[in-house]
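Take a look at the structure set out below.
Coordinate-derived values only; no laboratory data. Computed from a predicted model, the values in this text were never measured in an experiment. Here Cβ is always computed from backbone atoms with ideal geometry, including for glycine, and neighbour counts include all displayed protein chains.
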C-alpha cells in the first residue's frame, strides 16, 4: 500500500473502531517536552506518583518503545455523558461506566489486526494511559487540539472530555500538521476554580495538589489535613477544571454503550456507600475505574469527606 492510501485506511479504521478523531505525527524525540518533564519532576509536582519518574527516555522517545518507529497515531474517544447527578458524592465522569482501559484496548487490538491484514507484518504497539507515553503532546503534534492551562488536551470542536490512545508503528504515513494555536487566551476559569490551587499561572499543574491525586493516586491511609474541606464532595477524581472550561460547551453525548453509568453510582445513599462491604464493592465495580482505588481507598475518601463536614447526600440529590 502507498503511504497516502495507508493513512486513509488507518483513519477509516479508527472511525469504524469507535474513535472520534485520529491524528498522525512523525515519530521523533520530544526534546522540548523532555525539558519540561524534567523540570516538573525536579519540582516534585508528581508527589508520590513515582512511576512518573520511571522510564524517562521511553516517555520522550517513541523508538525506545517501538524500535524503528516512524509514526505516532493518536486516537481520541469521547466519554461526555448525557446526564448529571443532582448532588452528593461526586465521581469523575470518566469513571461512570466500564473501565476505559478495557474498552479501548479491545478497539486498539481490532485496529492492529486489521492493519496487519491489509499491510502485512508491521511493528506496532498500542497504549492506553498505562505506559510511558506523553499522549497529550502527541495529540497536539497530530493536530487534534492544544494543551490547555489545566493540562488537558482541548479540541476546538469537542472540548476535553475524551480519552487518548496512542499507536506507535514503524509504518511511514502521511503526517497531520501540528495544532499551532492556543485558544485559551486570557481565560483563567480553571485556575480560579481549582479549590486546591493545583493549576498554576505558568501553565503548570502541580499534580501533588490535585483532588484526583488525593482521591486516586495517593495510597496513604490518611489524606493530609491541609486539604480538608476543599474537595467540594469529590469522592473519586475531579472534573472542576473541565466543567468550567468554556470549550466544553461543545461537548456532545458519547455513543459508547460501555460508558453508560453503573446504576449504583446514582442510587447509593451516603449510608449505603459507608456500609458497602468489600465483597459487594468488588462485585459491583469489578470492571469500573473505581476498582483502582480499591474498597479501602473509596472508604478512606468517603470518611475524609464526612469528617470535613462536607454534605451527606444521596447521589440522586435526595437526603438519606
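To keep it simple, each residue is scored yes or no on (1) over 18 Å from residue 100 (Cα atoms); (2) out of contact with any strand residue (DSSP E or B) (no Cβ under 9 Å at 6 or more places or on another chain).
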site	(1), (2)
256	no, no
262	no, yes
265	no, no
275	yes, yes
284	no, yes
287	no, yes
**Asked** Going through region 205-240 one residue at a time, which ones are surrounded by 15 or more Cβ atoms within 10 Å (Cβ to Cβ), assigned to a helix (DSSP H, G or I) and out of contact with any strand residue (DSSP E or B) (no Cβ under 6 Å at 6 or more places or on another chain)?
**Response** 207, 208, 209, 212, 213, 214, 216, 217, 227, 240
**Asked** Take the residues of region 161-172 that are closer than 22 Å to residue 105 by Cβ and part of a loop (DSSP other than H, G, I, E, B): which is nearest to the chain's Cα centre (by Cα)?
**Response** 161
**Failed item, numbered, when residue 105 is tested on (1) free of Cβ contacts under 8 Å to residues at least 24 places away in the same chain; (2) surrounded by fewer than 16 Cβ atoms within 10 Å (Cβ to Cβ); (3) under 30 Å from residue 240 (Cα atoms)** = (2)
**Prompt:** How many residues are part of a loop (DSSP other than H, G, I, E, B), out of contact with any strand residue (DSSP E or B) (no Cβ under 7 Å at 6 or more places or on another chain) and surrounded by fewer than 18 Cβ atoms within 10 Å (Cβ to Cβ) when one looks only at region 179-204?
**Reply:** 12
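Any residue that is closer than 29 Å to residue 49 by Cα and in a loop (DSSP other than H, G, I, E, B) - is there at least one of those in region 105-116? Write out each step before concluding.
First, the residues of region 105-116 that are closer than 29 Å to residue 49 by Cα: 105-109.
Applying the additional criterion that residues be in a loop (DSSP other than H, G, I, E, B) yields none.
Among the residues of region 105-116, not one is closer than 29 Å to residue 49 by Cα and in a loop (DSSP other than H, G, I, E, B), which makes the answer no.
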